[in-house]
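Heads up, the thing below is written out as structure tokens.
The values are calculated or read from the model by the stated rules, or taken from the named source; none is laboratory data. Here the structure is a predicted model, which is why all the values come from computation and not from measurement. Cβ coordinates were reconstructed from backbone atoms using ideal geometry, including for glycine residues, and neighbour counts include every protein chain displayed.
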Amino acid sequence: MAHFWTTPSTNSCPGPRAAHSCDVLEGKLYVFGGWNGKKALNDLHVLDVAKGEWHEVVPNRNAPAERNNHTTAVVGSKLFVHGGHDGSKWLQDLHVLDTSTAQRGKLDELAWVRPAASGSAPSARACHTLTRVGRKLYMFGGYDGTKCFNDMDVLDLDTMTWIQPNLTGTIPQARNAHTMTVITTKLYLFGGHSGNKHLTDLHVFDTTKLMWAQPEIQGTPPPGLRGHTANLIGHKIFLFGGYDGKGRSNDLYILDTALMRWIHPAESENAPTGRQRHSASLIGSKKLYIFGGFDGNKWLNDLHVLDIGRLEEDALNDVAVRNLIDNMRKLVNNSEFSDITIVVENREIHAHKAILVAQCEHFRAMFTTQMKESFESKVIIPEWSYNSFMAMLEFLYTGRITDLSTDITGELLGLADHYTLDGLKQLCENILIHSVEIDNVCNLLKQADQYQATDLKNHCLTYLIKNFDAVSKTTSFEDLKEKPSLLLEVTKQMASANHK
């Protein structure tokens, strides 16, 4: 399993919380507010990522009231905070934190202000988004305790005026706890909750045309999520965590916006536990910092870092491996450059000595010693079927078998044992273990005994003892008499089970 996650060391950390905000300004993380399971918060903590040091900033008299599920946006050195919920009511106030003094090393001088804004301000709400494109902030969605929203409110930063533009296209369903990600002049909306169901749709808003569109996406999308996070890295949007109505996720999904395709990377060691309403913040171009959230039982204050560089390197390796496997598969039974012909059931199979020798000690001995096969261009293989031998050959060339049916798996187990292919043998055992049932357990037990397949044999014995009354009535059980030593082993297992 790949390893992309780390847990950085810091001097301390803010208290547990979810539904907070976490924004990056000049390489520092600014964590504000949230909910700790008992009350809403309005504390402000700053993490100096380079030093691994947290600092709590004492709020000035203009600091926002306690809140959670508010929304934020960064404009230069300023942090805009809007709305949320204070534990009893929905909020619609707007606050700005000027961090320019922090950039000079003076965190204690950070100050909040209440900016004046004209126009029709958005109504009170929480779980909404505020996204900057150029000199405008775009607010979408949210919930006010009664309904969800799908309107778009725009704050012109030059005039500090709220406007409600006329929109065209297919306007998304009203929702909250979604994500909105900006790519140049377009906003990518994903997921959220409508008030009735979790949503899995993706919409794109063109801020130059004030138009919504719903593009076609390839690949398997994430489940309907709320309280997840989304971050743009290059041309890819990285989604992490969230709640789907059943459980909190720690899955990572990637939307490649160049290909318009969903990607679901394999699980990684040391991944954070599943959570919702956490924060995810990009430091530099390759490090994603995950903080806090709610796991369904408790509020969290752990900090994790996803190394996007290592993840992308692993993805490139996966592509290289897939290409290699595809190319190797093209050589299976390919006469081009073939230097040995194997005959099975009077059918010729074109093969390549170099590959067979590299992958199998049995073939190495056959072709590099004084055995007669080393001098011949055609080798006849008795006993085995053509289909099973072809499946084994595909495994030798690619490490995979495209279509492994249970019909040939038993014989393939014998081939793996004969040619001492431990990986193939384990693969066959795993498949056969999952196919054990009343009518075939005795035959599989005999195969396992014949081919020294220990895991399969132990599973068959356990299954047989557990279901002895039904198995003993089958004709295959009667056939065990042909294997006295195996029948004796079954009898001993039965006696041991009854004794317990």
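Each residue in the stretch 67-124 was checked for being over 25 Å from residue 175 (Cβ atoms) and not aliphatic (A, V, I, L, M), and 17 of them qualify.
Where strands (runs of 3 or more DSSP E) fall wholly inside the stretch 8-97, the ranges with 3 or more residues that are in the same structural domain as residue 304 (by TED's automatic domain parsing), in contact with a Ser or Thr (Cβ under 7 Å, 6 or more places away or on another chain) and within 29 Å of residue 121 (Cα to Cα) are 21-25, 28-35, 71-75, 78-85. From the list 25, 44, the one residue that fits, being under 25 Å from residue 114 (Cβ atoms) and in contact with a helix residue (DSSP H, G or I) (Cβ under 8 Å, 6 or more places away or on another chain), is 25. In summary, residue 92 fulfils each of the numbered conditions (1) under 21 Å from residue 163 (Cβ atoms); (2) touching an Asp or Glu at 6+ places or on another chain (Cβ under 8 Å) with the single exception of condition (2). Residue check: is residue 82 over 19 Å from residue 300 (Cβ atoms) and not polar (S, T, N, Q)? So residue 82 fits the description; yes. If the condition is being surrounded by 14 or more Cβ atoms within 10 Å (Cβ to Cβ) and either modelled with pLDDT under 95 or at positive phi (or both), then the stretch 152-203 contributes 169, 177, 191, 192. The residues listed here are 208, 220; of these, the one that is over 16 Å from the mean Cα position of the chain (by Cα), among the hydroxyl-bearing types (Ser, Thr, Tyr) and in a loop (DSSP other than H, G, I, E, B) is 208. Considering only the stretch 364-372, I want to know if a residue exists there that is loosely packed, with under 15 Cβ neighbours inside 10 Å, over 38 Å from the mean Cα position of the chain (by Cα) and of a type in the set (A, V, I, L, M). Yes, the stretch 364-372 has at least one match. The condition of being free of Cβ contacts under 8 Å to residues at least 40 places away in the same chain, more than 30 Å from residue 465 (Cβ to Cβ) and either in the same structural domain as residue 477 (by TED's automatic domain parsing) or in a helix (DSSP H, G or I) (or both) holds for residue 364. Look at residue 366 and say whether it is of a type outside the set (Phe, Trp, Tyr) and modelled with pLDDT of 95 or more. So residue 366 fails the test.
Selection of first residues in the stretch 9-23 that are more than 19 Å from residue 298 (Cβ to Cβ) and of second residues that are in a loop (DSSP other than H, G, I, E, B), restricted to Cβ pairs under 8 Å at least 6 apart or on distinct chains, gives the following pairs, ordered by first then second residue: 9/52; 10/52; 11/52; 21/70. Quick one: what pairs do we get from the stretch 483-500, first residue farther than 13 Å from residue 445 by Cβ, second charged (D, E, K, R) and at pLDDT 85 or above, C-beta under 9 Å, 6+ apart or different chains? Short answer, once both residue conditions are applied: 497/466. For the stretch 330-361, a tally of residues being assigned to a strand (DSSP E or B), of a type outside the set (A, V, I, L, M, F, W, C), in contact (Cβ under 8 Å) with a residue 24 or more places away in the chain and under 18 Å from residue 398 (Cα atoms) returns 0.
Which of (1) part of a strand (DSSP E or B); (2) assigned by TED's automatic domain parsing to the domain that holds residue 192 does residue 246 not meet, given it meets every other one? Of (1) part of a strand (DSSP E or B); (2) assigned by TED's automatic domain parsing to the domain that holds residue 192, only one is false for residue 246: (1).
Listed conditions (1) surrounded by 16 or more Cβ atoms within 10 Å (Cβ to Cβ); (2) modelled with pLDDT under 95 are all met by residue 50, apart from (1). Residues in the stretch 449-482 that are without any contact (Cβ under 8 Å) to a residue 24 or more places away in the chain and within 15 Å of residue 410 (Cβ to Cβ): 457 only. Checked against the criterion of being acidic (Asp, Glu), under 30 Å from residue 398 (Cβ atoms) and in contact (Cβ under 8 Å) with a residue 24 or more places away in the chain, the stretch 430-439 contains not a single residue that satisfies it.
Yes/no per residue for (1) under 14 Å from the mean Cα position of the chain (by Cα); (2) part of a strand (DSSP E or B); (3) among the basic types (Lys, Arg); (4) under 24 Å from residue 192 (Cα atoms):
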position	(1), (2), (3), (4)
262	yes, yes, no, yes
271	yes, no, no, yes
281	no, yes, no, yes
285	no, no, no, no
288	no, yes, no, yes
293	no, yes, no, yes
297	no, no, no, yes
300	no, yes, no, yes
306	yes, yes, no, yes
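Looking only at residues that are among the hydrophobic types (A, V, I, L, M, F, W, C) and in a strand (DSSP E or B) in the stretch 179-202, which one is nearest to residue 242 (Cα to Cα)? Ranking the qualifying residues of the stretch 179-202, first place goes to 190.
Applying the criterion of being polar (S, T, N, Q) and in a loop (DSSP other than H, G, I, E, B) to the residues of the stretch 122-178, the residue that is nearest to the chain's Cα centre (by Cα) is 173.
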